[in-house]
Amino acid sequence: QKASAKNETVVTVGVVGNSDDLIWDAVQKKLDSENANIKISLKTFQDGIYTNQALANKELDLTAFQHYAFLEQEEKEKGYDFTVIGDSYISPLNLYSKKYKSVDEFKPGDKIAIPSNASNTGRALKVLDSAGLIKLKDPNAASPTVDDIAENPSGVQIELNDAAAIINLLPDYAGGITNTNFIIDAGMKTSDAIYQVPDALNNKAFKEYINVIVARTADKDNATYKKIVDAYHSKEVAKAINDNYKGEVEPAFKY
Amino acid sequence: MAETPHSPAVAIRDLKKIYRTEEGSKTALQDINLTIEKGDIYGIMGLSGAGKSTLVRCINGLEQFDEGSLLVNGNSISDLKPKELRGLRRRIGMIFQSFNLMPSRTVAGNVELPLLNTGLDKEARAKRVAELLELVELADKAENYPNELSGGQKQRVAIARALANEPDILLSDEATSALDPNTTKSILALLRQLHDSLGLTIVVITHQMSVIKQICNKVAVLDHGTIVEQGRVFDIFANPQAPLTQSFVATTSNLDKVNDLIAEHSPLIDTGKNGILLRMKYVSKEVSEPLVSHISRQFNIDANIVFGDIDVVDGSPLGGLVVVLNGQRDDILAAIDYLKNRNIGIEVLAS
Amino acid sequence: MAETPHSPAVAIRDLKKIYRTEEGSKTALQDINLTIEKGDIYGIMGLSGAGKSTLVRCINGLEQFDEGSLLVNGNSISDLKPKELRGLRRRIGMIFQSFNLMPSRTVAGNVELPLLNTGLDKEARAKRVAELLELVELADKAENYPNELSGGQKQRVAIARALANEPDILLSDEATSALDPNTTKSILALLRQLHDSLGLTIVVITHQMSVIKQICNKVAVLDHGTIVEQGRVFDIFANPQAPLTQSFVATTSNLDKVNDLIAEHSPLIDTGKNGILLRMKYVSKEVSEPLVSHISRQFNIDANIVFGDIDVVDGSPLGGLVVVLNGQRDDILAAIDYLKNRNIGIEVLAS
Amino acid sequence: MTGLLSTWFPNVVTRLPEFFDSFVQTLIMLGVTGFISFIAATFLGVILTITQKGGLTPNPVVFNVIDKIVNLFRSIPFIILAAALVPVTRALVGTAIGTKGAIFPLIVGITPFFTRQIQSALSGVDPGFIEAAVSMGMSTPEIIFRVYLREGIPAIIRVTTITMVSLIGLTAIVGIVGGGGLGDFAIRYGYQRYMLDATYATIIVLVLLIGLIEFVGRLLVEITEH
Amino acid sequence: MTGLLSTWFPNVVTRLPEFFDSFVQTLIMLGVTGFISFIAATFLGVILTITQKGGLTPNPVVFNVIDKIVNLFRSIPFIILAAALVPVTRALVGTAIGTKGAIFPLIVGITPFFTRQIQSALSGVDPGFIEAAVSMGMSTPEIIFRVYLREGIPAIIRVTTITMVSLIGLTAIVGIVGGGGLGDFAIRYGYQRYMLDATYATIIVLVLLIGLIEFVGRLLVEITEH
Ligand SMILES: Nc1ncnc2c1ncn2[C@@H]1O[C@H](COP(=O)(O)OP(=O)(O)OP(=O)(O)O)[C@@H](O)[C@H]1O
Ligand SMILES: Nc1ncnc2c1ncn2[C@@H]1O[C@H](COP(=O)(O)OP(=O)(O)OP(=O)(O)O)[C@@H](O)[C@H]1O
Ligand SMILES: [Mg+2]
Ligand SMILES: [Mg+2]
């Protein structure tokens, strides 16, 4: 958080990938219209692990890419002291297939690709659990791993893959689970999914997958950050989220 | 490939060769006219960069030329199809200065190399390799690798390899220049023997005048890409015409060393009161007489030999003597006249 | 470094050198005892692999030895500290067979190289370089790069470089073996002139007997790592003792070629009814008489010279003649007796 | 032993079968890719060598086309190349995933580098040998097999060793598109899940593997060099 | 022109400033990393060359330590190495992200490879030159600077060119720490957001860049080679 030439306060926000670019444009516009004198500077990463490291190291002011589950896991592993200062949206994580029309068609030995980063692995396992393809020891536990599969009634094989690659590789798998931003970018729709977790925003097991804006705990009451969160939680930004993700992603805030 | 039975081994007419490089072009050979008859041992000499290697490389088509014609056994090298050219190359053996033996193959393997793909079966090849190694006296080294051989031994392997296909022509590019005198001598003897027994035509590039003297019957002298002199070895050594040839021939004889003695006023060439210091040289092929004895007796003079260099080249004595003649001045002058009449080149150095 | 004024340039005692490789160890030099006096031009000859290069490389410490001692100007090479060794090396110039000129530097840059870090400033160095290039007659090539020079010119640059630090000793490893006769001659003349004017001690490795003959005063013959013969050049050429030396010396003279003529029954050596074919050789330094004239007159015989090889080595005639003597048998025998009494080596080849 | 192992490498010991599978996958990728790209690179390297200026059969067109293609592929970051190749891989081998699907992108990724290496190995073959062969009347294919490839063997082995080490680096990247292998193992557990021992175990095994490759390489060079 | 560009590269044209920034970042990474690792690799390459068996000042201990370390680092897949280096990077340059944070891992990643390349370049310096220098009484540092490095220049330039091309590959991977650069651009848009034109634009620019590097390299070699 630095003062820029025009006496603006510059806030550096760490994001992963460029999917949210338009949303943050809307936030900036909102702030400008309020004459908040805040300039949001996006810093793009390929990978969330480095993003959190950079936040902890004060190289970033805020991050906005992860959901609760990933945040908790990172805090647990690395001992970060972060605080959520606002929810952003929930991006569905659905099961897609080029081969089958419904979940019932999976046969033993079929391969399903799920994202390889730890928290999305857990979330995808929960999706499979919810779809009834596997049974987890505790469906509500945070970030389960493949080791937490209790039963595998459908007999599918689960393979971990880079989330961005899964869509390209879908023809080679019986099914694949990946984030909605990739689905949108690939020109597909969430309705192409053969399984979608119902009412994810209120589902206990999936509540932890709401995306959040995160600051270091020491800065949780920072007025500038509060203004940003307020600007995010606006009608304009909600519209931008809808436009950006073609209505496939739900804003996780009231406006 | 047609071979006229009486065509020369190599016939070169008005050959011109230009190297084109990025920095410009360089005429390496020009106006080359040369006929090498079957059975010749043809020496090629010249300063470094004169074009000697280029010339032999044109003969087996390793290098292309720009103008003129080059016939080998009556076949125009530049008109042959690739396959025919390969066939012709099998009949031209080449010995490289750096031997170019394949380090990954044994001595036998190297000699066998030109025999692969010639239709000979394994056994026939082995037999031929054994014969060749016998010929160059290396049968006991058949299973050794090149880097286990001495320079002279490597040279012999290279010769055996060049002979593997029973070629008609053998090209040798500075093959003996890095060898000790014993090895050089034995290799020259081997070449001579191959020539005599197999009727090989041999082309020898060398900067060693002794090599030319020992085995060649003809020689060409190259200077800056042109032939400045060519002919029978005896004639060239006896009467070199081009300045370059003259300076080459001068280095082979110790008769010129007398100039150093003159400069030092050495007592060895003290001519006394009446004496004359004389250089006498054979200049024609006919002379073989006891000349010193004749003048000593006939004119009653003493001929003290200071330098002597008389050799037999091509069956005739070649070279000369530097002598101090002592006696009556008139007698000495008469003796000189006598020698001049016997077709001996005379040069009075001091009196 | 202490230098006793009268210590020899190089004094080697009981030197032994072993190369240790993975395949085992190989004794390259053994029992080497050699003294090179200041001002000597010392030739070293021997077959390939005899240990010649190893020996000179020991002299400037490029190679370490295992036993014995090696003093250069009175300093034991193996006891010097690195810095002293570098200082000593500056006083030993070395000419490599492959020249080893740095391709990235001009001729002047190459000659300047040994002068860097010697305390001379840029100007002084430039002056010295100019002098040296003048000396080797290459002043006009100062700004050329080595690959733009002929073999002989490269050789001269290497000599200039070796002389840059005004060394006391010059080591030359097969420096002329790949050059044409003219270039060889001019380089030998240059070395001789440097020796005479600067009092240089020169060690010359060569397989060219003519080089030894032309410039050396002493010579050592190496065979399989030991010195089989050493001494003054005249003595070695006149009376070689070791078989290897004998075979080397034989190649320098054409007197042995008579054997070929004998084998061919050449008419040149036809001895007629009474004649005798004779090889006569100088074997001591004192002889300088008109021997052929004497016997011709005194015994009334004809001496026809078939081969002649008389040279002046170290101020005395060396070599001999192959002659056919014709006349009365008694006279011929008397003449032979006469020659034997004049300390001439006589060998009757045919009669 | 197992005691120590499970103290030092707790996460690896509990995933030993997976670790072992990853190792086998790495070996398969190295082996199959190495073999195929060796053949391809040798072929291309030979063509470049003989068609270059001053080569045995100079051919500027062929040379420049191959030369430029090699450069083009060397310019593409491997991860992008791997992603771009997915449809081609699928068309060729039926699947773009798993070890089987990883091999084609690996081949395309490593062959340009390998080709350059082979080219430099062949350029070390003394031109004198080639001349000698030409003067013996050998044909171009004979010269390629009997001289270039044969005399180039030690250098070819040397550059193959270097290439195999680079290939290990690529197998780690291809892991993220489902190729498996040790690099992928290290990334999934060591990097994504902070199990440092997984990273260390991987590095140790890879160092040993590379040491072994280099050892075998040197041994072969020594055997073939006289 | 712009019309055509926006038809063919719609996503790049709308992100032209970012594309340009990425290009500059790539240049910075190449420049700074290239420069520093050139010095480090030259230093290590020289040490390896002179301490090896038969070298100028043989020293098996120094040689083996450096040799083994170089091998160790060459064995670690770069992506893992980059992750492991984060704390060190931060301690050294204050940040582990962005172009600044990318440079240290890049140096560590490329130097071992570069060292091997320099080593092979120096091994091409004729041992005869070294002997000549020794026999002139030159000291070891003089020989290093006046002979090895000077006579090795053409070969050093050649291997530096090769290394720069490999370095471009690494800069793409180092994008995961937010290093930026063209590779990162291609991964974020081309790979993660399926904007193929971003990939193609990147490849085109990289091919041109590599072509330029090779051209400059060849030019320098020609200037320095006599
Ligand atoms: N490939 C080439 N490109 C350009 N010029 C060349 C080439 N080969 C030789 N030359 C030049 O052609 C001339 C003749 O070269 P050539 O090798 O035939 O000489 P040479 O008489 O064999 O000399 P040497 O005794 O040194 O071997 C030289 O001036 C040389 O520089
Ligand atoms: N570095 C080395 N390691 C092992 N053996 C060697 C080494 N250098 C030379 N030799 C061996 O030592 C012996 C003497 O070698 P040296 O080079 O001194 O011979 P040379 O008389 O100079 O021969 P040439 O006339 O061929 O140059 C040879 O048998 C050679 O094989
Ligand atoms: Mg030549
Ligand atoms: Mg030697």
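The values are calculated or read from the model by the stated rules, or taken from the named source; none is laboratory data. Owing to the predicted nature of the structure, the values given are computational and were not obtained by experimental measurement. Because the Cβ atoms are built from the backbone with ideal geometry, glycine has one as well, and the counts that use them run over all protein chains shown. Heavy atoms of the whole protein, side chains included, go into the accessibility calculation; ligands, DNA and RNA do not. Shrake-Rupley method; radii C 1.70, N 1.55, O 1.52, S 1.80 Å.
Key figures
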| quantity | calculated |
| --- | --- |
| Flag for B:K26 being away from ligand 4 (no atom under 16 Å from the Cβ), more than 20 Å from B:F96 (Cα to Cα) and either in contact with a helix residue (DSSP H, G or I) (Cβ under 7 Å, 6 or more places away or on another chain) or at pLDDT 90 or above (or both) | no |
| Which numbered condition C:S25 fails, given (1) among the hydroxyl-bearing types (S, T, Y); (2) open to solvent by less than 60 Å² (accessible area, probe 1.4 Å); (3) away from chain E (no Cβ under 14 Å) | (2) |
| Scope the range E:67-86; condition β-branched (V, I, T) and either open to solvent by less than 30 Å² (accessible area, probe 1.4 Å) or facing chain D (nearest Cβ under 7 Å) (or both); matching residues | E:V70, E:I76, E:I79, E:I80, E:V86 |
| Checking C:L179 against (1) part of a helix (DSSP H, G or I); (2) within 18 Å of B:T184 (Cα to Cα), the condition it does not meet | (1) |
| Selection within the range D:168-207 - within 19 Å of the chain's Cα centre (by Cα), at the interface with chain E (Cβ under 9 Å from one of its Cβ atoms) and aliphatic (A, V, I, L, M) | D:I168, D:L170, D:A172, D:I173, D:I176, D:L182, D:I203, D:L206, D:V207 |
| Criterion violated by B:T118 - all others in (1) β-branched (V, I, T); (2) touching a Phe, Trp or Tyr at 6+ places or on another chain (Cβ under 8 Å); (3) open to solvent by 30 Å² or more (accessible area, probe 1.4 Å) satisfied | (2) |
| Of residues in the range B:257-269 being more than 10 Å from chain C (Cβ to nearest Cβ) and not small (G, A, S), the one most open to solvent (accessible area, probe 1.4 Å) | B:H265 |
| Flag if A:K207 is within 27 Å of A:G132 (Cβ to Cβ), under 16 Å from the mean Cα position of the chain (by Cα) and open to solvent by 20 Å² or more (accessible area, probe 1.4 Å) | yes |
| Any chance A:I40 is under 18 Å from the mean Cα position of the chain (by Cα) and away from every other protein chain (no Cβ under 14 Å) | no |
| Hits in the range A:124-147 - residues which are modelled with pLDDT under 90 and not hydroxyl-bearing (S, T, Y) | A:D138, A:P139, A:N140, A:A141, A:A142, A:P144, A:V146, A:D147 |
| The range C:126-141: number of residues that are surrounded by fewer than 20 Cβ atoms within 10 Å (Cβ to Cβ) and either out of contact with any Asp or Glu (no Cβ under 9 Å at 6 or more places or on another chain) or not in a helix (DSSP H, G or I) (or both) | 8 |
| Residue count for the range B:36-65, restricted to those that are within 15 Å of ligand 1 (Cβ to nearest atom), more than 14 Å from chain C (Cβ to nearest Cβ) and in contact with an Asp or Glu (Cβ under 8 Å, 6 or more places away or on another chain) | 4 |
| Residue in the range E:130-143 that is modelled with pLDDT of 85 or more, buried (at least 24 other Cβ atoms within 10 Å of the Cβ) and within 12 Å of chain D (Cβ to nearest Cβ) present | no |
| Matching helices (runs of 4 or more DSSP H) fully within the range A:24-131 where at least 2 residues are under 22 Å from A:T12 (Cβ atoms) and open to solvent by less than 10 Å² (accessible area, probe 1.4 Å) | A:48-56, A:68-78 |
| Count of residues meeting criterion [open to solvent by less than 40 Å² (accessible area, probe 1.4 Å), among the small types (G, A, S) and outside any loop (DSSP other than H, G, I, E, B)] in the range A:162-193 | 5 |
| Restricting the range C:150-197 to residues that are within 16 Å of ligand 4 (Cβ to nearest atom) and at pLDDT below 85, the residue that is farthest from the other protein chains (Cβ to nearest Cβ) | C:A175 |
| Failed criterion for C:V228 (all others in (1) in the same structural domain as C:L194 (by the TED database); (2) touching a helix residue (DSSP H, G or I) at 6+ places or on another chain (Cβ under 8 Å); (3) of a type outside the set (F, W, Y); (4) open to solvent by less than 50 Å² (accessible area, probe 1.4 Å) hold) | (4) |
| Test: residue in the range C:176-184 that is more than 15 Å from E:M136 (Cβ to Cβ), of a type outside the set (G, A, S) and within 16 Å of ligand 2 (Cβ to nearest atom) | yes |
| Residue in the range B:177-194 that is within 16 Å of ligand 3 (Cβ to nearest atom) and assigned by the TED database to the domain that holds B:D40 present | yes |
| Lone qualifier among C:L163, C:L188, C:L200 - being open to solvent by less than 10 Å² (accessible area, probe 1.4 Å), over 15 Å from C:E137 (Cα atoms) and either within 16 Å of ligand 2 (Cβ to nearest atom) or of a type outside the set (K, R) (or both) | C:L200 |
| Residue, farthest from the other protein chains (Cβ to nearest Cβ), within the range E:87-125, restricted to residues that are over 26 Å from D:Y189 (Cβ atoms) and touching an Asp or Glu at 6+ places or on another chain (Cβ under 6 Å) | E:V125 |
| Matching residues in the range E:166-195 - criterion: being among the hydrophobic types (A, V, I, L, M, F, W, C), part of a helix (DSSP H, G or I) and either modelled with pLDDT of 85 or more or open to solvent by less than 10 Å² (accessible area, probe 1.4 Å) (or both) | E:L167, E:I168, E:L170, E:A172, E:V174, E:V177, E:L182, E:F185, E:A186, E:I187 |
| Condition met for C:Q328 (open to solvent by 40 Å² or more (accessible area, probe 1.4 Å) and more than 10 Å from every other protein chain (Cβ to nearest Cβ)) | yes |
| Strands (runs of 3 or more DSSP E) completely within the range C:30-107 that count 2 or more residues being open to solvent by 30 Å² or more (accessible area, probe 1.4 Å) | C:67-72 |
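Condition check ((1) under 20 Å from the mean Cα position of the chain (by Cα); (2) closer than 28 Å to A:A64 by Cβ; (3) within 14 Å of chain D (Cβ to nearest Cβ)) across all residues:
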{"position": "A:T121", "(1), (2), (3)": "yes, yes, yes"}
{"position": "A:K126", "(1), (2), (3)": "yes, yes, no"}
{"position": "A:V156", "(1), (2), (3)": "no, no, no"}
{"position": "A:A164", "(1), (2), (3)": "yes, yes, yes"}
{"position": "A:I167", "(1), (2), (3)": "yes, yes, yes"}
{"position": "A:G176", "(1), (2), (3)": "yes, yes, yes"}
{"position": "A:Q196", "(1), (2), (3)": "yes, yes, no"}
{"position": "A:N202", "(1), (2), (3)": "yes, yes, no"}
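Residues checked against (1) farther than 20 Å from A:T121 by Cα; (2) without any contact (Cβ under 8 Å) to a residue 40 or more places away in the chain; (3) more than 14 Å from chain E (Cβ to nearest Cβ); (4) acidic (D, E):
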| residue | (1), (2), (3), (4) |
| --- | --- |
| A:A56 | yes, no, no, no |
| A:E59 | yes, no, no, yes |
| A:Q66 | no, no, yes, no |
| A:F70 | no, no, yes, no |
| A:Q73 | no, no, yes, no |
| A:K76 | no, yes, yes, no |
| A:G86 | yes, no, yes, no |
| A:N94 | no, no, yes, no |
